[in-house]
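A.B. asks: Encoded as structure tokens, here's the structure I'll be asking about.
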Amino acid sequence: MKRFLKIAAVISILLTLVIGGVVFYFYTNIKPILVREINKSLAVEVKVGDITVSGIRDFPNLGVRFSDVSIAESTPYYKKYLLEAQELNLFVDIMKLYKGEYLIDGVTVRNGAIRAADLNKTTNYEITKPSSDTSSGGVSFEIKTLKLINCDIAYEHTPSKFKSNAYSPSTTLTLKYEENSTSLKVKTTLDSAFIASADDVYVARRNLKINTAIDVVTDKEQVIISQSDIAIEAINLTTKGTIGYGNSSNVDITFANDNTTVQSLLSVLPASITQSLDRIKLEGHVAIDGYFKGKTDGINSPAFGFDYQLQNTSLTIVGENISLDGIEASGELQMPNVSNSSSASATCKLSMAKSGKNTLSGNLAVKNFEMPAIQWEGKTNLDAQFIFGLIENSSFLPTDGTLKTDGKLALTYDIGNAQIAPNSLRFSGQFLVENLKGKLNNPALDVQHVNIDISANDGKLVVNQSDFAYNNTTGTLRGYIENYQSMLNENSDASMVGELKANNLVVNELYSTSDATGDPKSSSELFPINLKLATTLTDFHYNDFSAKSMTGTLISDKMNISMPKCQIEALEGNTLAGITIRKWGDNHLLDITTEIDKINISQLFKQFNNFEQSEITSEHLSGTLSGSILAKVILDQNLKPIMPKLYAKANVTIENGALIGYEPLKKLSSFVHIKDLENVKFKTLKNTIEIFDQTIFIPRMMIENNAMNLEIEGTHTFENYMKYSMGISVAELLATKANWIAKKAEKRIEKNTKGGLTAYVLMEGTPDNLKISYDRTIVKENVAEELTKEKKKFIQALKGEGTLEEETVETKNYDDVWDE
């Protein structure tokens, strides 16, 4: 017994020594073995700060701790380390390794970064040296647990321009590698994740959680994703599919969710889809079922799309008290090429949306998100506040009104130019505006009501009835518009034919004011479409001019607005006028030809602001005016006349006229001592007067009454410089009273053929410095010249070479009167 105990004790001591020796051997040689094996197997630079090994109590389990580890890229891409970690822990069973079982119990990477990239012909992670082992035997290994704690992760695939990066506070993986496949299970939290392909960003700094199982089939260069759970912020998705990573990389992934908020969904969609929704806030729930599929190599981009169903959703215009509630809708979004938003399309079947009086139902389709082609078929009943709230920088602020539609609408919107594309507008159905009220800022109009009833087909838009009231103006409009599809074009050929009636129209109220920069509004067109409207205007006003009525046909070819034969009842008489306004550089040209019949000359001067002069005013004139007048004048951008740009010619007859209290005549009266010159009255006066170069040209004319005759000609400038030559003929009794007999001896006055006396007077200067003098020679020469012309005209008439009718003064070419 004692011997057995001794033998047992010896064996125990020997076993202890053997085991102790083995452990001591591992402890004393593990570092050089590990370093040697690392250097032997890797083709890149590896740096390790320190290596520590777990104690004997864990044997045969071995824990190795590497500190300050860094592994270089095999091909520089990030120009940083492929892997770097403050701490890397490795846990293995050395006995299993000794038996050839490549099983790693655990790997932990702490406070580090992993940066991988697939390049066009290589990668940045080919860090192992080529193996000399040519045996065909399969190799497998397994990592039971791989943990990444507080690590940055980045991956890029340059052929497809795919990029991703994130920060992971916690990631747990299990990995099993066999000859042709690798199985990977991942449970990770990724903060501030970024995923993009080319210029399309799919996840923009969002928080993700992923729980997935992945199989990598090496010989097929394919990644198979089993059904997985992905949470992007508040969106919970289930997904599965495959990813090809070889020379022909591709993706085929499906995803779905049962319910998420609309706002959460929009937050993770590409900017190319959501950029047009900046002013729209959507709240509610949506269920989606979508896909991400296609090639991702070279110039190829995958397709993206999903079906959706909106449930109890609301739409609000940001900054406006405008919303739609209870939206129930379904549809789809398709992007055949995620890098090309012009290939995108979307549909929406809107069962119902409502808010107060607002209701909306129908089908919406949009194609090409770069220049959206929009089609709508359905019914709308919307408040005016809702419609104008959708329009940015609208100058109209509605306070009431309803817009209703029932039909089909199609248009294409040019996002780059912020306008509807030419000839893209189509409408078929009915459009109603009911009791629209509000304030228009530019021009400033108080709109009391607008009612419009329009029906349309593809070829013609018919204004069945419309009436309006603003400020103190009321009116109606009926007619139709041909080629209405181009109505919003820059060069529209739309034409409206119809009937316009307006009462108390004040043209000045329609002036646009200057914009914020102080530059006046300017356009190459006076009106956006062509017009031909039978027009009746009652109680018409322009500046100080008023007309009881104006009737005619209003015509516009966009560059010109005219009424060729306008009947005007105004100024206590009647006028037939041809009126045209056209663009003239940045200004406008007003062209008027008139035939007037017995209008009140005093009212004419008064309502036309005495033609922008103060010397001869409405208070100085009386009588009725008949004849023809041609006038052309440049109007500024606020339609006010530029008087230096005025040309006019008037063949007129004034009946029962008077020139009363005219200051130069008062001075003339004092000069020639004839009181009757202060108020000159006459029965009939005829003349042709021309105005250009800011000067009134008055040919010789005779003013006759019982007391005296006044023969006068001369010029009168807009600056009130006058130059008149006159012959004043009076009866002998009046001449004696004026003491002309004594002056006759001085040869300033001579006896005329009617038994009276005639004085020849020159009057020149301004009213403040007017010079009046007798000058028989100059005046008589002017008269003699006129008599010679009359005599020549009479002889030509006798010979059959002319007539005794009054000659018409040649009309000057307007463009020659001044440079534009």
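The numbers here are math on the coordinates, done by the rules we state, and not lab data. Since this is a predicted model, take the numbers as computed values, not measurements. Here the Cβ is made from the backbone with ideal geometry for all residues, glycine too, and neighbour counts use every protein chain on show.
A.B. asks: Tell me the label-point distance for the pair SER314, ASN543, using the 7 Å Cα-to-Cβ offset, in nm and rounded to one decimal.
C.D. replies: 5.6 nm
A.B. asks: OK, next. Can you give the local net charge around GLY284? Use residues other than it whose beta-carbon is closer than 13 angstrom to its beta-carbon, Lys and Arg +1, Asp and Glu -1.
C.D. replies: Its environment carries a net charge of -2.
A.B. asks: Quick one: the Cα spread of the range 603-725 along its three principal axes, in angstroms, biggest first?
C.D. replies: 49, 27, 24
A.B. asks: Compute the Rg to Rh ratio over the range 197-265 from the alpha carbon atoms, using the Kirkwood formula for Rh, and round to two decimal places.
C.D. replies: 1.02
A.B. asks: Please give me the summed charge of the neighbours of TYR177: other residues whose Cβ is under 14 Å from its Cβ, Lys and Arg +1, Asp and Glu -1.
C.D. replies: -3
A.B. asks: If I model a spin label as a point 7 Å beyond the Cα along the Cα-Cβ vector, how far apart are those points for ASP50 and ALA256 in nm?
C.D. replies: 5.5 nm
A.B. asks: Subtracting the Cα-Cα distance from 0.36 nm times the residue separation, let me have the gained length for GLN227 to THR145 in nm, one decimal.
C.D. replies: Roughly 27.4 nm would be gained on extension.
A.B. asks: Can you tell me the Rg and the Dmax, both Å, for the Cα atoms in the range 618-674?
C.D. replies: Just the Cα atoms of the range 618-674 yield Rg and Dmax of 16.3, 50 Å.
A.B. asks: Modelling each spin label as a point 7 Å along the Cα-to-Cβ direction, I'd like the GLU615/ASP406 distance in nm, to one decimal.
C.D. replies: Each label point lies 7 Å from its Cα, and together they span 6.9 nm.
A.B. asks: Nearest 0.05, what FRET efficiency do LYS565 and LYS751 give at R0 = 56 Å with Cβ-Cβ as r?
C.D. replies: Plugging the Cβ-Cβ distance into 1/(1 + (r/R0)^6) gives 0.60.
A.B. asks: Additional query: For the range 616-669, what is the charge dipole size about the Cα centre, in debye to the nearest 20, if Lys and Arg each add +1 at the Cβ and Asp and Glu each add -1 at the Cβ?
C.D. replies: Here the size comes out at about 220 debye.
A.B. asks: Report the FRET efficiency, 1/(1 + (r/R0)^6), for PHE527 and ASN435, where r is their Cβ-Cβ distance and R0 is 30 Å, rounded to 0.05.
C.D. replies: The calculated FRET efficiency here is 0.70.
A.B. asks: Return, ordered by residue number, the residues of the range 325-353 whose backbone nitrogen is under 11 Å from a label point located 7 Å along Cα→Cβ of SER361.
C.D. replies: 350-353
A.B. asks: What's the exposure ranking of SER54, SER345, SER249, going from fewest to most Cβ atoms within 10 Å?
C.D. replies: Least to most surrounded, the residues fall as SER54, SER345, SER249.
A.B. asks: Let me ask another. What is the sum of charges, Lys and Arg at +1 and Asp and Glu at -1, for the other residues whose Cβ falls under 12 Å from the Cβ of MET550?
C.D. replies: +1
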